[in-house]
1. Scan (1) under 29 Å from PRO12 (Cβ atoms); (2) outside any strand (DSSP E or B); (3) hydroxyl-bearing (Ser, Thr, Tyr) for the single condition THR54 breaks and write down its number.
2. Which residue pairs have Cβ atoms under 7 Å apart, sit 6 or more places apart or on different chains, and have a first residue in the stretch 17-31 that is on the phi < 0 side of the Ramachandran plot and a second that is of a type in the set (D, E, K, R) and not in a helix (DSSP H, G or I)?
3. So for the stretch 65-82 (the condition being exposed (fewer than 13 other Cβ atoms within 10 Å of the Cβ), at positive phi and not aromatic (Phe, Trp, Tyr)), does at least one residue qualify?
4. Suppose we filter the stretch 37-64 for residues that are under 25 Å from GLY86 (Cβ atoms) and either at pLDDT 95 or above or of a type outside the set (Lys, Arg) (or both); how many remain?
5. I'm trying to understand the selection: among the residues of the stretch 64-81, which are more than 14 Å from the chain's Cα centre (by Cα) and either part of a helix (DSSP H, G or I) or under 11 Å from TRP8 (Cα atoms) (or both)?
6. Within the stretch 84-101, can you find the residues that are at pLDDT 90 or above, touching a Phe, Trp or Tyr at 6+ places or on another chain (Cβ under 9 Å) and within 23 Å of SER19 (Cα to Cα)?
7. Keeping to the stretch 10-60, report how many residues are over 21 Å from THR91 (Cα atoms), buried (at least 16 other Cβ atoms within 10 Å of the Cβ) and within 12 Å of the chain's Cα centre (by Cα).
8. Limited to the stretch 27-51, what total is found for residues that are among the aliphatic types (A, V, I, L, M) and within 13 Å of CYS10 (Cβ to Cβ)?
Amino acid sequence: MFVRMSAWKCSPDYWGEDSKLFESSAVKIMQKHKGFIQAMLLAKPNDIERIAFTIWDSADDYKEFVESPDLDKIIDMFAHMYLKGGSPKPTEYEVRAKGNSI
């Protein structure tokens, strides 16, 4: 498994619109890609920091997504919400261990 966490600063004017756009558009684009498992948009209430957390079956599946035009499409769809200097900064992780609830 492979995880991408991408953090950015979002204008407070878009609280609520960010999650709607994420669910209605960004997730639907990612779902079309092989190996996509899950996506979450994280934020503290009324804070400007956002984190998109996505999980992929493998590093190769994630790499295919990143190399496709779809990642840029998703970044661009949120561009009007970014604060100055607040565009996404990704961090990528290999999942080394995991646990699930039953």
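The values are calculated or read from the model by the stated rules, or taken from the named source; none is laboratory data. All values reported here derive from a predicted model rather than from experimental measurement. Ideal geometry is used to build each Cβ from the backbone, glycine not excepted, and the neighbour counts take in all protein chains shown.
1. Going through the list (1) under 29 Å from PRO12 (Cβ atoms); (2) outside any strand (DSSP E or B); (3) hydroxyl-bearing (Ser, Thr, Tyr), THR54 breaks only (2).
2. Matching pairs, first to second residue: ASP18/ARG50.
3. Within the stretch 65-82, none of the residues are exposed (fewer than 13 other Cβ atoms within 10 Å of the Cβ), at positive phi and not aromatic (Phe, Trp, Tyr).
4. First pass over the stretch 37-64, keeping only residues under 25 Å from GLY86 (Cβ atoms): 38-56, 62.
Cutting the leftovers down to either at pLDDT 95 or above or of a type outside the set (Lys, Arg) (or both) gives us 38-43, 45-49, 51-56, 62.
So the answer is 18.
5. The initial filter retains those residues of the stretch 64-81 that are more than 14 Å from the chain's Cα centre (by Cα), namely 64, 67-69, 80-81.
Across the stretch 64-81, the qualifying residues are GLU64, GLU67, PRO69, HIS80, MET81.
6. GLU92
7. Adding up the residues that qualify gives 1.
8. Narrowing the stretch 27-51 to residues among the aliphatic types (A, V, I, L, M): 27, 29-30, 37, 39-43, 48, 51.
Those still in the list that are within 13 Å of CYS10 (Cβ to Cβ) too: 41-43, 48, 51.
Number of matching residues: 5.
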